Amino acid sequence: MATYAREHSLRSMIGRKSIFGAAAGLLLIVMMLAVLLAAQPVRAKSTAVIKRAALSGSVAFPGVNGEAKWKSKGGERELEVQIQDAKKLAGKQLAVRIGGKLVGHMKVNALGRARLVKSTQAGQSVPKSVAGKAVKIRTSAGVLVASGRF
């Protein structure tokens, strides 16, 4: 009987060690997974930055109005400049400057509207920053049509 008790006690001890070993192994695996997941870079959602400028007509074209909008998100930039109520200029090309630099040209349609759209995604040049810069739209003769500031 003493031999049976000793054998039974030995089996119980081995069984407990196996369970303890398995639990320790499982805990080690869980901890390693936690470390790997914590080490993964977290991609921050890029937030769009949008700047707007209201455009007002000049002395020569007081009825003209419009808007310039600049957007930056995730390294891509877009620029949209538009005017309206410029029927006197129908068919004319207008130069758009931001901060004194030419960014493009737009043509006034028969309804007196003109629009310029540029995007870095389309491979076009768009200013990296427009904060505080003036927007000026002029005729080919240099006459100011409308202006505003971001």
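A few comments on the model shown:
- Within region 118-132, the residues that satisfy the criterion of being free of Cβ contacts under 8 Å to residues at least 12 places away in the same chain and either surrounded by 11 or more Cβ atoms within 10 Å (Cβ to Cβ) or in a loop (DSSP other than H, G, I, E, B) (or both) are Gly123, Gln124, Ser129.
- A search for C-beta distances below 6 Å between a residue of region 52-81 that is within 21 Å of Ala122 (Cα to Cα) and any residue that is modelled with pLDDT under 95 and hydroxyl-bearing (Ser, Thr, Tyr), counting only pairs 6+ apart in sequence or on different chains, returns Lys73/Ser46; Gly74/Ser46.
- From the options Ser72, Ser56, residue that is part of a strand (DSSP E or B), surrounded by 18 or more Cβ atoms within 10 Å (Cβ to Cβ), among the polar types (S, T, N, Q) and out of contact with any Leu (no Cβ under 8 Å at 6 or more places or on another chain): Ser72
The values are calculated or read from the model by the stated rules, or taken from the named source; none is laboratory data. All values derive from a computational prediction rather than experimental measurement. So basically every Cβ, Gly included, is an ideal-geometry build from the backbone, and we count neighbours across all protein chains shown.
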